[in-house]
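Derivation of every value follows stated rules applied to the coordinates shown; laboratory data play no part. Since we're looking at a predicted model, the values are computed, not measured. Cβ coordinates were reconstructed from backbone atoms using ideal geometry, including for glycine residues, and neighbour counts include every protein chain displayed.
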Amino acid sequence: MEISKNSTQTFIRCIEFFSGIGGLHYAFKQAWSNGEVIASFDINIVANSVYKHNFGKNPITKCIESLNVDDIEKYEANCWLLSPPCQPYTRGGKGLDDQDQRAKGLMHLIEILPKLSNPPEYIFLENVLNFEKSRSREKLIIQLYRMNYEIHECLLTPLQFGIPNDRLRYYLMARKKTIIYENIGENIENLEENYFKRSNTNIHRSWPFEYIVRPIDQRSSCFTKSYGSHHIFGSGSLIQTKKLEVFARLHTFPLKPNNSDNFMNNLNNIQDQILLPPRLYDSIKNSSSTNYLEFPDDVSIIQKHRLLGNSLNVFVVAELLRCVLFNY
Ligand SMILES: C[S@@+](CC[C@H](N)C(=O)[O-])C[C@H]1O[C@@H](n2cnc3c(N)ncnc32)[C@H](O)[C@@H]1O
């Protein structure tokens with residue numbers, strides 16, 4: 001059974017930081033119907049032009065580290081979606097971590113969080129493998145812990161969701177707990193001493209998470225047998241499809257069904273229906289989205305590849321939002 005999309009859903013107002021071409025926005029729309037991305041921030045004007053083309057709204061072209069409390073509070077958001085630059089953590093990089101200029105935006109958000117009169121109830125962050133070992137993550141976790149968030153972290157690849165793309169990524173989901181613990185100060189010391197020693201065992205590496213599927217829990221229907229299957233979907237049509245479209249499709253962006261090569265036109269193929277994870281099949285088949293991924297004419301092929309390469313797997317994030325972060 002699908003989580004019901006009805007009026008009982010909490011209304012979620014998101015701010016999307018480091019928005020790029022809006023991968024997190026697409027994922028949010030797939031995951032949750034009762035909500036809105038009310039503001040997004042990115043300094044890349046090409047990415048912003050693609051975002052505007054598809055969502056009708058220009059992201060704010062401002063360095064995130066220059067935002068103050070008012071700049072953020074005015075949106076009254078209860079959810080932050082963030083995919084900060086990965087260069088400070090990539091294996092081939094200089095390993096400057098929180099000292100890297102490109103980590104400034106994230107560091108700033110970590111510092112500003114406790115200054116907000118109404119911190120977001122939900123936080124979702126995506127990054128590369130290695131982030132889990134970084135000081136940046138350590139700072140983020142400690143801040144969230146101090147502020148009484150319940151935290152889930154995982155390292156997952158789209159392969160585990162039945163998508164033929166091996167791209168291991170770090171995801172963090174944090175939800176503000178309603179119960180306030182008096183002795184949080186003592187716990188912090190425990191955390192600082194113990195958390196990082198145990199960090200590898202705290203991070204989920206399988207999907208679904210071990211503890212989520214409970215026989216009595218209707219929400220276990222978030223998961224299907226198809227997860228973990230490594231089938232290529234629509235392999236016949238895939239070969240014929242142009243490289244860029246394959247790229248976008250592997251990232252599970254919604255694509256407009258008006259191209260004869262397009263995968264969505266071939267969904268009548270019974271094999272595709274069997275091999276796709278059912279919810280991905282449904283979301284593609286029933287998608288009458290006004291927010292397909294398209295590029296404005298003046299964006300070059302190289303830029304498109306770069307933007308898509310910087311982006312993320314929409315379906316994986318949508319499942320994590322729906323099944324973990326917003327799962328009551
Ligand atoms: C990993 S990409 C995020 C991609 C995005 N999730 C998507 O779906 O396309 C990081 C983005 O952060 C932006 N960025 C980097 N530093 C920034 C800063 N200080 N302030 C605002 N945006 C920044 C980059 O322009 C880039 O688009």
Problem - segment 15-165, dipole about Cα centre (Lys/Arg Cβ +1, Asp/Glu Cβ -1), debye to the nearest 20 - result: 380 debye
Fill in the blank from the handout: Taking r as the C-beta separation of Gln87 and Lys177 and R0 as 30 Å, the FRET efficiency to the nearest 0.05 is 0.35
Exercise for the section: Tabulate in residue order the Karplus-calculated ³J(HN,Hα) for segment 70-75, using 6.51 cos²θ - 1.76 cosθ + 1.60 with θ = phi - 60°, rounded to whole Hz; enter x for Gly and Pro. Expected result: 4, 4, 9, 5, 5, 7
Problem - Exposure proxy ranking, count of Cβ atoms within 10 Å, fewest first, for Glu76, Glu121 - result: Glu76, Glu121
Fill in the blank from the handout: Ranked on Cβ counts within 10 Å of their own Cβ, fewest leading, Arg322, Arg13 go Arg13, Arg322
Fill in the blank from the handout: Per-residue Cβ contact counts at 10 Å, fewest first, order Arg175, Arg137, Arg205 as Arg205, Arg175, Arg137
